[in-house]
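> One structure is given below, represented as structure tokens, and several questions about it will come after.
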Amino acid sequence: MRRGDLYRVKRPSSRDPKKFRVFVIVSRQILIDSRFSTVICAPIYTTYQGLSTQVAVGIDEGLKHDSGIHCDELISLPKSMLTNYVGMLPAEKLHLLERAQKIALQLNDE
């Protein structure tokens, strides 16, 4: 399990209308490798509006169609739910994901 990995999760919350949702792990690697039972993830939706807090993804990342990572909706998920591996983000998409997270959380590079 690595930062940038995509997993299909069955019914991640009772409020999600989808049976399955794909998430990308955004936690730092040291947390992923630790004994903590959860990791922070960003949901992937089939909609992509081009917002600065979104990252476009698609077939190249193992998805069925073009979609968007939504960094304004981070969620903590149990590692045990992350069993259906879909793919991984390439380095350039990881860089875009980090930038989108900084914008979503209003973090400066200082």
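> Identify all residues within segment 8-46 that are hydroxyl-bearing (Ser, Thr, Tyr), more than 22 Å from ARG99 (Cβ to Cβ) and at pLDDT 95 or above; write none if there are none.
SER34, SER37, THR38
> Quick one: in segment 34-62, which of the residues that are more than 22 Å from LEU105 (Cβ to Cβ) and in contact (Cβ under 8 Å) with a residue 12 or more places away in the chain is surrounded by the most Cβ atoms within 10 Å (Cβ to Cβ)?
Residue satisfying both the conditions and the ranking: GLU61.
> May I ask you to list the residues in segment 89-103 that are within 14 Å of ILE40 (Cα to Cα) and in contact (Cβ under 8 Å) with a residue 12 or more places away in the chain?
LEU97, GLN101
> Give the residues of segment 12-23 that are surrounded by 13 or more Cβ atoms within 10 Å (Cβ to Cβ) and either of a type in the set (Lys, Arg) or under 10 Å from the mean Cα position of the chain (by Cα) (or both), sorted by residue number.
LYS18, ARG21, VAL22, PHE23 - these are the residues of segment 12-23 that are surrounded by 13 or more Cβ atoms within 10 Å (Cβ to Cβ) and either of a type in the set (Lys, Arg) or under 10 Å from the mean Cα position of the chain (by Cα) (or both).
> Being touching a residue at least 12 places away in the same chain (Cβ under 8 Å), crowded, with 16+ Cβ neighbours inside 10 Å and either within 24 Å of LEU105 (Cα to Cα) or charged (D, E, K, R) (or both) narrows it down to one residue among VAL9, VAL26, VAL86; which is it?
Result of the check over VAL9, VAL26, VAL86: VAL26.
> Given the criteria under 12 Å from LEU6 (Cα atoms) and either within 13 Å of the chain's Cα centre (by Cα) or of a type in the set (D, E, K, R) (or both), does TYR85 qualify?
yes
The values are calculated or read from the model by the stated rules, or taken from the named source; none is laboratory data. Bear in mind that the values here come from a model prediction, so they are computed numbers and not experimental data. Virtual Cβ from ideal backbone geometry, glycine too; neighbours counted across all protein chains shown.
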